[in-house]
Ligand code: C2O
Ligand code: CU
């Protein structure tokens, strides 16, 4: 949801940015000395009865991540207590490029024990998140919620609950990637046994030990106390490295009211797709008679699941367990097709359409954009003020959740059909499908544009959209 910042606010913001640019980065850091502390650190959680060493991001009050109010500047002092080099990206916000948290493109990696200050005008509300953009640290749970509320208290009498999903492995993610590159991993093992190879239909290329919902498995789920007849808003973040998920409200129905932080005309269902890195805000009502109501998340193609329990006081809470009765189907675009954004982009002609081929995924596990593993290469350039359409054509056998940094976009086409779709920052492009997005070039810089499947991204499915000076 975009907020109209008053002209004064905007000018003040610009003036501050100009001042920072003028005095270099140290000035921005000096200003952030008293900013809320955000600490990246190691922590231990319990998974399947075993201790697991993971990372985390703790903000004010020692809570994971950060919350701010729309209209506030985003201010944080990121401190690196991980013992490794890291850098954190604010997924869903549109900061100036040098504060976007991508190594090489934004700023150098943050050394162990060091800190960086962040301070920028934020115009976006909604459910977002933050995560490491270095190596495979995201697989080690170096991620947290980033919630921008529109009002201090909910407008409705409702309970707000943030839900973060992860896929989890006890293995070193570097080992997982090495195995994928050597032709091993799930595409040689488990997945093939389910009849999946490199043809359309291969859904998961990594075998995980667990799926986590707010750091817990369904064998020992989080129990959220809710009120009989009460309204609940779930802010669900798919922070999994490599798993597209289904949200399953089991017996209940809910209204999907926002995707990637942007309001949509509500869609009622009990099942919603949520690709890697996407967010879904779902509003539901607890039945008057009360009880215990599971909220389940199931990775596509698997019978595994995770979830939590919404329970009224005194309700009997049955055990559910991490094994679902049935295998979840693959995510497709039938739901995406029905979404309609509440917010509108200004009425303007399209300057140019760029075609982007999503490529690779052979036995060597090299992925790419337009046929090359591009990483920091420019996939196309834009000029400030242009309106761009990017037609993403997936030539591979796997689905790719494509994410553009620094902007949000509107989904305007699926296959050959034009749609008046959702505003997003991440959209799933299933095997052999074409998805067209439209965005306005209004945030100069060099921006990452990549598949958010961590192993695809780290194997070449990443490039940049670079601004050139208007002629
Ligand atoms: Cu969620 Cu390149 O980021
Ligand atoms: Cu991908």
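The values are calculated or read from the model by the stated rules, or taken from the named source; none is laboratory data. Everything numeric here is computed off the predicted structure, so don't read it as measured data. We place every Cβ from the backbone using ideal geometry, glycine too, and count neighbours over all the protein chains shown.
Here are the numbers:
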quantity	calculated
Pick from the stretch 432-448, criterion crowded, with 23+ Cβ neighbours inside 10 Å and farther than 23 Å from residue 339 by Cβ, ranking: nearest to ligand 2 (Cβ to nearest atom)	448
Qualifying residues in the stretch 253-294 (those that are more than 21 Å from the chain's Cα centre (by Cα) and not in a strand (DSSP E or B)) - the one surrounded by the most Cβ atoms within 10 Å (Cβ to Cβ)	286
Some residue of the stretch 420-427 being away from ligand 1 (no atom under 16 Å from the Cβ), in contact (Cβ under 8 Å) with a residue 40 or more places away in the chain, outside any loop (DSSP other than H, G, I, E, B) and under 22 Å from residue 207 (Cα atoms)	no
Count - residues of the stretch 439-458 that are within 30 Å of residue 176 (Cα to Cα), assigned to a loop (DSSP other than H, G, I, E, B) and in contact with a helix residue (DSSP H, G or I) (Cβ under 7 Å, 6 or more places away or on another chain)	1
Tally of residues being over 15 Å from residue 104 (Cβ atoms) and under 23 Å from the mean Cα position of the chain (by Cα) across the stretch 368-379	4
Near pairs, Cβ below 7 angstrom, 6+ apart or cross-chain, from the stretch 106-119 (free of Cβ contacts under 8 Å to residues at least 24 places away in the same chain) to any residue that is buried (at least 17 other Cβ atoms within 10 Å of the Cβ) and assigned to a strand (DSSP E or B)	none
Subset of the stretch 137-147 (residues that are out of contact with any helix residue (DSSP H, G or I) (no Cβ under 7 Å at 6 or more places or on another chain) and either within 16 Å of ligand 2 (Cβ to nearest atom) or part of a helix (DSSP H, G or I) (or both))	137
Sole residue being touching a helix residue (DSSP H, G or I) at 6+ places or on another chain (Cβ under 6 Å) and either modelled with pLDDT under 95 or over 23 Å from residue 366 (Cβ atoms) (or both), chosen from 209, 215, 197, 205	205
Matching residues in the stretch 148-182 - criterion: being part of a helix (DSSP H, G or I) and touching a residue at least 60 places away in the same chain (Cβ under 8 Å)	173, 176, 177, 180, 181
Residue match in the stretch 80-88 (condition: touching a strand residue (DSSP E or B) at 6+ places or on another chain (Cβ under 8 Å), within 20 Å of residue 261 (Cβ to Cβ), crowded, with 21+ Cβ neighbours inside 10 Å and at pLDDT 95 or above)	yes
Residue under evaluation residue 422, criteria (1) touching a strand residue (DSSP E or B) at 6+ places or on another chain (Cβ under 7 Å); (2) within 16 Å of ligand 2 (Cβ to nearest atom); (3) modelled with pLDDT of 95 or more, criterion not met	(2)
The stretch 121-136 - residue that is in a strand (DSSP E or B) and in contact with a helix residue (DSSP H, G or I) (Cβ under 6 Å, 6 or more places away or on another chain) and, of those, farthest from ligand 2 (Cβ to nearest atom)	121
Odd one out for residue 237, checked against (1) within 16 Å of ligand 2 (Cβ to nearest atom); (2) crowded, with 22+ Cβ neighbours inside 10 Å	(1)
Test: residue in the stretch 54-67 that is touching a strand residue (DSSP E or B) at 6+ places or on another chain (Cβ under 9 Å), more than 16 Å from ligand 1 (Cβ to nearest atom) and more than 30 Å from residue 222 (Cα to Cα)	no
Strands (runs of 3 or more DSSP E) fully within the stretch 323-414 counting 3 or more residues that are farther than 27 Å from residue 182 by Cα	352-360, 378-383, 387-394, 409-414
Test set (1) more than 16 Å from ligand 1 (Cβ to nearest atom); (2) under 28 Å from residue 107 (Cα atoms); (3) touching a residue at least 60 places away in the same chain (Cβ under 8 Å) - residue 411 fails condition number	(2)
Number of the exception - residue 451 against (1) within 16 Å of ligand 1 (Cβ to nearest atom); (2) closer than 29 Å to residue 300 by Cα; (3) surrounded by fewer than 20 Cβ atoms within 10 Å (Cβ to Cβ)	(3)
Verdict on residue 356 being farther than 27 Å from residue 172 by Cα and within 16 Å of ligand 1 (Cβ to nearest atom)	yes
